[in-house]
């Protein structure tokens, strides 16, 4: 039994003094090996033991559902570089009362299940699981490699009802979450760049985001040398909203004379033609024979998609100029508004031909972020929400253990 305990804890300068069962669970008493030099808790250099502290307790991984506790009197070493410091304890993480193996076990399960469920499985409190996740995220961020960070995606996600948003920054190359912060304003995104530092910011070559003005302002301020690309999926979404607005306005005009003409036609005009059902194709063919405003909006929508088929930026610019003239002379107010929005953001749209970026991966990771929120039935505090997202989506490294408990 002592050998098993020693191997699973990775003990080298320590030994198992005793183990026994009590009403509260299984107790393991540990001690340092006499006359051993212990590593400094700050620099890791070995130094002579000066004195001992009082007993400390650590909660360890349960054995067959039985709670396990570790007891040890930490040594203080006289480090010639750092002074009098507490030794580096191999099974402990700082001043946490959780053993390092239990911290890793709780954090591993917290990636897969709601924290409340993990707490019930291991008979601990919810706050204990949060503390384990917080320690795991802190370790992962400290050991995260950001060398080569060149392309990022910026988007927002709703945390709860009432327009409460979080700003999400992703590494589009490695498909991981870099940062999550409360708010959807310029200050939220500026905090990320300030934490990233000027040296890392200088290495970013491309940024993909939507046309949210406050994001654009901060990106141009903090990354003056990076190429800003507006996400084409967000552009298409604005286009579809304009087409649907035309359809609703015309349906309201026809409500008295032909109330059923445009009933249940929303997805007929919003879908790609190849995705239409046979019934939808027949109805679209009938509606195209009529002189309707929605037909002009539909043709403009389908024509606009050609902009990303050009190989050169110059040809795409000529096409956008022609499409702008058609849209502004279509006598359709929603299409004119969309055309002017394109004109005001034309540089970021055409930047796609310099760096073909899209937020497709960002949207996929946003869906995973929503799944994290849904399985926990939401989070009241934004810091806890950011912690959960970084833990699941950040691709962070967990502390290595001498034995795999999970």
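Applying the set (1) closer than 25 Å to residue 174 by Cβ; (2) outside any helix (DSSP H, G or I) to residue 124 leaves exactly one unmet item: (1).
Could you tell me whether any residue of segment 211-221 is in contact with a strand residue (DSSP E or B) (Cβ under 6 Å, 6 or more places away or on another chain), in contact (Cβ under 8 Å) with a residue 40 or more places away in the chain and either within 23 Å of residue 370 (Cα to Cα) or surrounded by fewer than 20 Cβ atoms within 10 Å (Cβ to Cβ) (or both)?
First, the residues of segment 211-221 that are in contact with a strand residue (DSSP E or B) (Cβ under 6 Å, 6 or more places away or on another chain): 211, 215, 219.
Filter once more, so that each one left must be in contact (Cβ under 8 Å) with a residue 40 or more places away in the chain: 211, 215, 219.
Within this subset, residues satisfying the condition of being either within 23 Å of residue 370 (Cα to Cα) or surrounded by fewer than 20 Cβ atoms within 10 Å (Cβ to Cβ) (or both) are 211, 215.
The answer is yes, given that some residue of segment 211-221 is in contact with a strand residue (DSSP E or B) (Cβ under 6 Å, 6 or more places away or on another chain), in contact (Cβ under 8 Å) with a residue 40 or more places away in the chain and either within 23 Å of residue 370 (Cα to Cα) or surrounded by fewer than 20 Cβ atoms within 10 Å (Cβ to Cβ) (or both).
Among strands (runs of 3 or more DSSP E) entirely within segment 131-200, having at least 2 residues that are buried (at least 21 other Cβ atoms within 10 Å of the Cβ), touching a helix residue (DSSP H, G or I) at 6+ places or on another chain (Cβ under 9 Å) and without any contact (Cβ under 8 Å) to a residue 60 or more places away in the chain singles out 164-171. Does residue 394 qualify as being touching a residue at least 24 places away in the same chain (Cβ under 8 Å) and outside the structural domain of residue 175 (by TED's automatic domain parsing)? So residue 394 fails the test.
The values are calculated or read from the model by the stated rules, or taken from the named source; none is laboratory data. As the structure is a computational prediction, the values presented were derived from the model and not from experiment. A quick note on method: Cβ atoms are made from the backbone with ideal geometry, for glycine too, and the neighbour counts reach across all protein chains shown.
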